[in-house]
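Engineer: Following this message is one structure expressed as structure tokens.
The values are calculated or read from the model by the stated rules, or taken from the named source; none is laboratory data. Remember, predicted model here, so these are calculated numbers, not experimental data. Here the Cβ positions follow ideal geometry from the backbone for every residue, glycine too, while neighbour counts run over all protein chains shown.
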Amino acid sequence: MNDHRAEARKKIQLLKNLPTLPGMIDQISRAVESKRFTVADIGKLISRDQVLSAKLLKLANCAFFGFSRKVGSLTQALVLLGFDVVKGLILTSSVFDMMKERDQGLWEHSMGVATASSLIAQAVELPDIEEASLAGLLHDLGKVVLRAQMTEDMLSIAELVEVEGFSVRQAEREVLGFDHSQIGQWLAESWKLPQELIEPIRWHHQPEGAHQNPRLTAVVHLADIMVRGYGYGDGGDPWVPELDRGALQLLNLTPQKLETVVDGICQQLAGAGGDVPPI
Amino acid sequence: MIRVPVEELQEGQILAQDVTRQDGMVLMSRGKEITPEIKSLLLRMEVVQVVVEGDQFASEEERQAFLAELEKELSLRFSRVEDDPLLMGLRELYRRRLHMGCYPRPRPQPPAPPQEDPGPPVILAKKDRKKP
């Protein structure tokens, strides 16, 4: 099953059916690059899509961005979060839309990791907290696409987890020859996401692989473990993955800071099942 | 702390969190005791639900049973990393917080009345909630 030809075939099958980037993201990117548009113009551009606008505002008001006042308009969201993060949120919302049946567990897991990434980033004083939240939100991109596009393989993967006790990652490798972090990387690259965001998606299970943004990758690695340990949302199997020591050293997270993060998780996620905006 | 629909508030309950509107305006401060007057004021202000002190459990046995269930789930989650002292430390942090009421999931409500929308973390006035 694991020979390279089967692997390559799966990869081609996946990439051929690759969901296209929503046109809106392209339009915004071009508008931003042309430098002839103001923030208000771009806000108007997005607001043509009412469903998307409403979702964007909901996401911008999520606790992990930590604004004390309500973000009331798209213009405000663009100013506060910046184009890159807003683009990322549009992407997140489009990607989760691809799933025919909404997977609330995976969505909650992603929201949880976004929250924990933001808390860890604050504790270790990362310069860009919003970027950390976004990286957390997108880290399991590959799983979302896998569930949306390769439903038959997903059934085999779920069976290996259920019956054989494989971790989701092991099962993905067994069935496909690669795992969701690899799929996430292909997608992120084909969508031309910034490299800083690709690394946490690709290396959140093996943070030593990150070279451009090892600290952000380490943040998402730890956030994933903390959220799984806490038991919030559903990442596909119940088990906490291994913690990479190098990542921990890179973050220089003292026991006190770790407790602060745990307290933050308790405050923002405790019993919050119903508080997560459905996407 | 429990979240209670205003209609179901009982006399003598204490507000555990400020009642705020979505724009952040505080309508009523925490610590206030619920009286029939306060309840009807909240209703007139079209507040949907508030957080009061107290517990979501009918009895201590019920709470212990739920805690035991959550502890079992916690152990299962960490069962494959038991050789990592750091992760065992994290498990202990979570375990202690379980006993402080930090539950990762709400208790399954047996015969809960139908709730249309559990609502966002802030307590909203009905007016705000009806916005698209």
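Engineer: Scan (1) more than 15 Å from the chain's Cα centre (by Cα); (2) part of a loop (DSSP other than H, G, I, E, B) for the single condition B:GLU69 breaks and write down its number.
Structural biologist: (2)
Engineer: So which helices (runs of 4 or more DSSP H) are wholly in the range A:161-279 and hold at least 2 residues that are facing chain B (nearest Cβ under 10 Å)?
Structural biologist: A:214-230, A:245-251, A:255-269
Engineer: Which of (1) exposed (fewer than 12 other Cβ atoms within 10 Å of the Cβ); (2) more than 14 Å from chain A (Cβ to nearest Cβ); (3) in a helix (DSSP H, G or I) is the odd one out, the single condition B:ILE38 does not satisfy?
Structural biologist: (1)
Engineer: Does A:GLY184 meet the test of being crowded, with 19+ Cβ neighbours inside 10 Å, on the phi > 0 side of the Ramachandran plot and modelled with pLDDT under 95?
Structural biologist: no
Engineer: If you don't mind, another one. Only one of these conditions is not met by A:VAL71: (1) among the aliphatic types (A, V, I, L, M); (2) part of a helix (DSSP H, G or I); (3) modelled with pLDDT of 80 or more. Which number is it?
Structural biologist: Unmet for A:VAL71, out of (1) among the aliphatic types (A, V, I, L, M); (2) part of a helix (DSSP H, G or I); (3) modelled with pLDDT of 80 or more: (2).
Engineer: Of all residues in the range A:35-77, count the ones that are touching a residue at least 40 places away in the same chain (Cβ under 8 Å) and more than 24 Å from A:GLY112 (Cβ to Cβ).
Structural biologist: 3
Engineer: A:GLY177 - would you say it is at positive phi and either of a type in the set (Val, Ile, Thr) or in contact (Cβ under 8 Å) with a residue 60 or more places away in the chain (or both)?
Structural biologist: Answer is yes for this residue.
Engineer: Do we have any residue at all in the range B:106-129 that's part of a helix (DSSP H, G or I), at pLDDT below 95 and within 11 Å of another protein chain (Cβ to nearest Cβ)?
Structural biologist: There is at least one residue in the range B:106-129 that is part of a helix (DSSP H, G or I), at pLDDT below 95 and within 11 Å of another protein chain (Cβ to nearest Cβ).
Engineer: Considering only the range B:72-100, state which residues are farther than 19 Å from A:LYS257 by Cβ, in a helix (DSSP H, G or I) and within 7 Å of chain A (Cβ to nearest Cβ).
Structural biologist: Across the range B:72-100, the qualifying residues are B:GLU73, B:LEU74, B:LEU76, B:ARG77.
Engineer: Let me ask you something else. Of the conditions (1) under 27 Å from A:ASN61 (Cβ atoms); (2) modelled with pLDDT of 80 or more, B:GLU60 satisfies every one except a single condition; which number is it?
Structural biologist: Every listed condition holds for B:GLU60 apart from (1).
Engineer: Evaluate the range A:252-270: report whether one residue or more is of a type in the set (Ser, Thr, Tyr) and under 27 Å from A:SER156 (Cβ atoms).
Structural biologist: no
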